[in-house]
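This report refers to the structure that appears directly beneath it.
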Amino acid sequence: MFHHNPMKSTADPVSCLPTSLATYLTGIAGGGFFIAAPQAEAAVTAVTFGFGSEYTSTDGSNNTWSVDPGQGTLIGYANASATHLWLGYNPASRYGSVYHNGSFSGLRGLPTFFADGTVIGLGGNGSIGLAYFQNSMNPSRGDFTSDQLNKNIAFITSTHKWGWANVSWTEATSTLVINSAYVESIANAPITVGDTGISAAPEPSRALLALAGLGGVALRRRRKQA
C-alpha cells in the first residue's frame, strides 16, 4: 500500500534542474572532459624608439636607439652636413638592422618598403643592414627625390625581435616620422606587416561550445526522467 509522504516535494521536477545540471556539468569538468581554450601564440606589441616620433639629420651620429618597452635596440646615424640619416647596422652584425634594397654599395641602400600581409622573419625579404633615408642632393646614388608617405619598413632589434614600422619621409627637411611601430616580442618569431596585435572579436572557444553541448544533453535527459 502506498502512503502519502507530506515531506515529499510536489514541485515540478524541472525546477530542480539548475542545481542538478550544475552538479552534472561540474562532474564532467572534474572528470577531464573539459576542453581547454586555445592559448595565444603571438605577442605583437606596440613600440617606440629612443629618438621619439621624429628622426632628423641633426640628431647626432652613431646612436643606439632603444626599442621600448624593453625590446632591444636599433642602430642609427644622422649626418647634418650631408642631410641624410640611416637606420640599421653592418650586415655582419645583422641585429639592430633594417631591410634595404642594396642600391648603395650593395651592403646598404634605400629602405625596402613592404605591403601589408608580408611575413617578416622567415627569410626571402631581401638584404638587412643599413637603410638610408636621404634627400635629393645626390640622386645618382639612389637618394629620394620626393616624399615617401605611410611606407612600411621592417627591422630586427638587438635582442632578435622582428618588427615593422609605418613611416613617412619628408625630403625637404630630411625628417623621418614614425607613424607607428610594432614588434613580435618572442625572439626570432616572425611578424606580419600590418599586424598590430589587436584581434577581431574572438569566436566562442571550443571549451564553451563543448560545455553548451553537454549542458543540452543533460537538460534533455532530466526532462525525459521527469
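The values are calculated or read from the model by the stated rules, or taken from the named source; none is laboratory data. Note that this is a predicted model, so its numbers are computed, not measured. Reconstructed Cβ throughout: ideal geometry from the backbone, glycine too, with neighbour counts over all protein chains shown.
Given the criteria in a loop (DSSP other than H, G, I, E, B), out of contact with any Phe, Trp or Tyr (no Cβ under 7 Å at 6 or more places or on another chain) and at pLDDT 90 or above, does Thr145 qualify? Here the answer is no, as Thr145 does not meet what is asked.
From the list Thr170, Thr192, Thr157, pick out the single residue that is buried (at least 17 other Cβ atoms within 10 Å of the Cβ) and over 20 Å from Gly129 (Cα atoms). So that I can check it myself, show each step before the final result.
Working: Thr192 fails: over 20 Å from Gly129 (Cα atoms); Thr157 fails: over 20 Å from Gly129 (Cα atoms).
The conditions single out Thr170.
Considering region 103-125 alone, what residues qualify as being surrounded by 13 or more Cβ atoms within 10 Å (Cβ to Cβ) and in a loop (DSSP other than H, G, I, E, B)?
First pass over region 103-125, keeping only residues surrounded by 13 or more Cβ atoms within 10 Å (Cβ to Cβ): 103-104, 107-114, 118-121, 125.
Result: Ser103, Leu107, Leu110, Thr112, Phe113, Phe114, Thr118, Gly121, Asn125.
Within region 56-90, being hydrophobic (A, V, I, L, M, F, W, C) and either crowded, with 20+ Cβ neighbours inside 10 Å or under 22 Å from the mean Cα position of the chain (by Cα) (or both) holds for Trp65, Val67, Leu74, Ile75, Ala78, Leu85, Trp86, Leu87. Taking the criterion of being more than 25 Å from Ala172 (Cα to Cα) and buried (at least 17 other Cβ atoms within 10 Å of the Cβ), would at least one residue in region 48-55 satisfy it? Within region 48-55, not a single residue is more than 25 Å from Ala172 (Cα to Cα) and buried (at least 17 other Cβ atoms within 10 Å of the Cβ). Here is a check on your reading of the model: is Asn152 under 21 Å from Ile75 (Cβ atoms) and outside any strand (DSSP E or B)? Criteria not met by Asn152.
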